[in-house]
Amino acid sequence: MAFALEARDPGVQGGIEAHLRGLGVDTQAVRDCFIWNGLQSEVDPGGELDIGAEYLRRAGAVFERQAVLAPGSVDWALLCLWVHHSAVRAWNHTYRVDLLMKCMVRFRDIVRRAWGADGAPDAAVDLSLRLCELVRLEIDLEDCLKTGSRLRFAEALDTVIGSCAGLLHDAERAGGPVGGFVAGEVAVRRQYHLVLRELHRALVARSSGQREKFEVRKELRRLVNEWPFSSVELSKMNAHRQALERLREAQRDKWMRIDEGRIVYLFPFGVSGVDYETIRARLHRSFEAGRGTVRPSAVIDHFTYHADIWEPRLEKGKRFDGLEVVLPKVRLVVDGDTTEELNAALRFSPMGVHSLRLERTVEDLYPSQLHAAMFRAAREHGTVEVSCEGADATWDRLSRFARDLIQRQLPEELAPRAGEAAKDAPPVSMHRGRSHVLVRVLRASERDREFDQTVGDEVRPLVQDGKRLLELTGSSVLLHAAPDAKESLWDWIRLADDHSRQIWNQRNEGDLLISTENTTVIAALDAPNFISGDLEAIAEFTACLSGMLAAWNHRLDDYRAGVSEIIAGYTLPGADRTAQMEAMKRKRMQMLEFEGETRQVIALLHSPGLLRSPSNSAALRRLLAAKLVDDQLESFSARLNEVMADQSEATLQRWEVDRHQRVRDSLTAAVSALSVCAAISIWQAAGFWTPAGWGAATVVVAAWAAVYVSARWVSYNGGPWSTVRFLAGYPARALRRAHTRLARRRLRRIAR
C-alpha cells in the first residue's frame, strides 16, 4: 500500500479510495448504496411507498460487481473498510437506520459468498467485517435509545462495550496494517462508549434523587485531550453532560407528574377516486366478508357519539360525522417492563376528513416517560414489537402499522369489484397527512424528583391550573413538538420552548391549550372531563385537516398533469382530437365541481354554524390560526385560483376552431371548383374558345381543387401518414358504426 493505514487519520479514507480506484472498484457507486433519498424520488416521487426492497436489490447488484474486482485479501479488507466508512458517513445523516443495517448485512452476506470467507476467513478480512458489524451494533444501540427504554439502552450499551473489548483483543493479536487500523479505531470507540455508560449511570442516579460523584466537565476535558474523538461523538457526550448539569439544577425544584391523562396518536389521510357513500358501502361489504390483515371488530355509522358538539341541522355532507371502523386493540411491547395497549379506529367523514386514531389512558407518567410516549408515532422511533389482535403480521413501529393499514389494506378494501368500476373512473388512492399527537392532562401533581414514591398516607399537592403546570420541571415536554431524534434519554430536560403557541383561558381561568407543529396539549385541570373532551374533539378535527389538504393538493397536481397530457396528445400526428377535446371538457367540469366543494368546506370551517356552541366555534377559529391551517387553506386557495384561471381549454378550443375552419375552407374550395367547371361547360357549349383550351382549363381547376382540399385534410388529420392511417381504418370504423346502429334497432324492438 502506498499510504499509511492509521485510524482516525484525516487522509486515510482518501488513500483507501485511491487504492480501490486503482483496482477498478467504483468507490462512488459503493458509497451511493447508502444514499436512498435520490432513489425515493426516482422510484416513488410521492413518497407514499416503501422503497426498501428496491433499494436492497440495487445495492446488492453493486456489491456483487465490485466484490469480484478486488484481487487479494488485503484489497478485500480495504473494500470492507470503505464500506465501513460509507456506512458511518450515512449513519450521521439519515433516520432510516433500518435500511442502513439491512444494507450492511446484505454486503456481508454477498462478500462472504464471493470470497469464500464462510469457512476460515483471512484474519484481515474477518477483522474488517467485524468492524462493520460493530457499526451495526452501535446503530442498534441508537435504535434502543429512540425507544425511550432505559432497560434496553443499558443492555445494548453493555453489548457494544463487550464487542469492542473482544474485537480490540483480536485486532491487537493479529497485527499487520489492517489489524493496527482496526485496533486504533475500536480503542476510541470503546472509550467513547465507556464514557457514555458512566454518563448514563450518573443521569439515572441524579434523576432518582441520589448523589453521584462524577466530575463530568473535568473528566470530559481529560478524555478529549487524550483520545481523538470525532465531532459526532463529542456532540453526544456533550448532550449527556448538559442533561446531567440541568438535572443537578432541577433537584431544587418541583417535578411534574401526569397522574391521569389521555394520549391520542392521529394519522390523517385523504382519499381520492371515490366518494364517501362508496367508501361507506365498500367498507361495510369488506367488514361482512371479514377480509384484510387487520380485521375490524365493528362498524359504527356515527362516530360523533364520543362528543356530539357539531351542529345537527347542517346538510348531510357538511357535518363532521361519519363511519367509524373499530379495530382490535393494538399492542406495543417496548421492553420486558413496558407494554402499551391502544384502542384503534378508522374514521371517515363526508367532508373528506379521515384518520387512523389510536388512543390510550396514561397514569403516573414522569417527564421522561411522557417524552417517550409522545415519540411513539414518529417514523424515527426505535424498533418495538407492534401487534394487533387477530392479525398474523407484526410491525416494528407504530408508523409502519399505520402505513400498511392506510397505504396497503385500505386501497384493497376500497377497490371496486369486477364490473363495478366505471369506464373512466380514476383509481382509488390514499394521501397521508402529518401524524399528530394529542395529549389531554386530566390530573397532575407535584413531586420532589423523578419516580418519587408516596409513603403511607402522604398527599402530594395537585396542580390546579396551567400556569403552575408550566413552572414544574418537565413541563418543557408539553411545550415542545414530539421529537424526531434523541441524543439521550434525558433530552426533555434541555428542550427550549421556541415554537409553541399557547391559548389561555379557553373556558376557566388557567385553562391551557398548547399547540406545536405536531402536538396539541390540553390542560383544563379544574374543568369537568366532558369540557376538556369537547376541546379534544375540536383539536382532533383540526389536526386531521392535513389529510384532507393532502388529497386536495393531489387533485390539483393530478389536474395539471392530466391537462398537460391532453395538450401533448392533441398535437400528436393522427390523434383523435375530438376525443381529446371531450376529455378536456370532462376534466374542466370535474374541476368546477371540485372547486365548488372545496370552497364550501373552507367557508364552513370559518362559519359559526359548524358547531353547536359559539364558544366551541371560537375555540375552533383560534386553533385553525394556531395550527397554521388558515395559512395552508390560503395557499391552497391561491393554487386553486391559478388552476381555474388556466386557459388550456380555451387554447384547445381555438385549435379546434382552426381545424374546423380548414374543413370549411376545403369544402368552399371544392364547391368553387365545381362552379368554375360548370361555367366552363356552359362556355364550351356556347362555342367560346377551342375545346382543347377549355379541357386544359378544366384540368387546371380540378388539379388546384384537389391539391388545396388534400392539403387541408392532411393538415386536419395531423400529417400525411396520419391521413393514410385514417383512410385505412375507415372501413373498420364504418362496420362498427353499422353494427352499433343494428344493435340499437334490436334493443328498440325489444323495448317495444
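The values are calculated or read from the model by the stated rules, or taken from the named source; none is laboratory data. Since we're looking at a predicted model, the values are computed, not measured. We place every Cβ from the backbone using ideal geometry, glycine too, and count neighbours over all the protein chains shown.
When Asp259 is tested against the conditions (1) under 30 Å from Ala444 (Cβ atoms); (2) of a type outside the set (Val, Ile, Thr); (3) touching a strand residue (DSSP E or B) at 6+ places or on another chain (Cβ under 8 Å); (4) surrounded by 19 or more Cβ atoms within 10 Å (Cβ to Cβ), the lone failure is (4). Among the residues of segment 537-555, is any surrounded by fewer than 15 Cβ atoms within 10 Å (Cβ to Cβ), of a type outside the set (Gly, Ala, Ser) and out of contact with any strand residue (DSSP E or B) (no Cβ under 8 Å at 6 or more places or on another chain)? No, segment 537-555 contains no residue that is surrounded by fewer than 15 Cβ atoms within 10 Å (Cβ to Cβ), of a type outside the set (Gly, Ala, Ser) and out of contact with any strand residue (DSSP E or B) (no Cβ under 8 Å at 6 or more places or on another chain). Determine the pairs where a residue that is under 20 Å from Leu549 (Cα atoms) and not assigned by TED's automatic domain parsing to the domain that holds Trp552, located within segment 580-597, has a partner that is modelled with pLDDT of 90 or more and assigned to a helix (DSSP H, G or I) with Cβ atoms under 9 Å apart, the partner being 6 or more residues away or on another chain. Cβ pairs passing all conditions: none. Of the candidates Arg108, Arg130, Arg190, the single residue that is in a helix (DSSP H, G or I), of a type in the set (Lys, Arg), in contact with a Cys (Cβ under 8 Å, 6 or more places away or on another chain) and within 22 Å of Pro228 (Cβ to Cβ) is Arg190. Scanning segment 289-308 for residues that are over 27 Å from the mean Cα position of the chain (by Cα) and modelled with pLDDT of 80 or more turns up Ser297, Ala298, Val299, Ile300, Asp301, His302.
Here Ala239 meets the list (1) surrounded by fewer than 15 Cβ atoms within 10 Å (Cβ to Cβ); (2) under 30 Å from Ala154 (Cβ atoms) almost entirely, failing just condition (1).
Here's a check for you: in segment 610-659, which residue that is assigned to a loop (DSSP other than H, G, I, E, B) and under 34 Å from the mean Cα position of the chain (by Cα) is farthest from Thr519 (Cα to Cα)?
The residue in question is Gln647.
Look at (1) modelled with pLDDT of 70 or more; (2) among the small types (Gly, Ala, Ser); (3) in contact with a helix residue (DSSP H, G or I) (Cβ under 7 Å, 6 or more places away or on another chain) and you find that Gly729 fails only one, number (3). When segment 498-538 is limited to residues that are part of a strand (DSSP E or B) and hydrophobic (A, V, I, L, M, F, W, C), the one that is nearest to Ala377 (Cα to Cα) turns out to be Val521. Within segment 538-565, residues that are closer than 19 Å to Thr520 by Cα reach partners that are in a helix (DSSP H, G or I) and among the small types (Gly, Ala, Ser) with beta carbons closer than 8 Å, at six or more positions or on different chains, in the pairs Ile538/Ala619.
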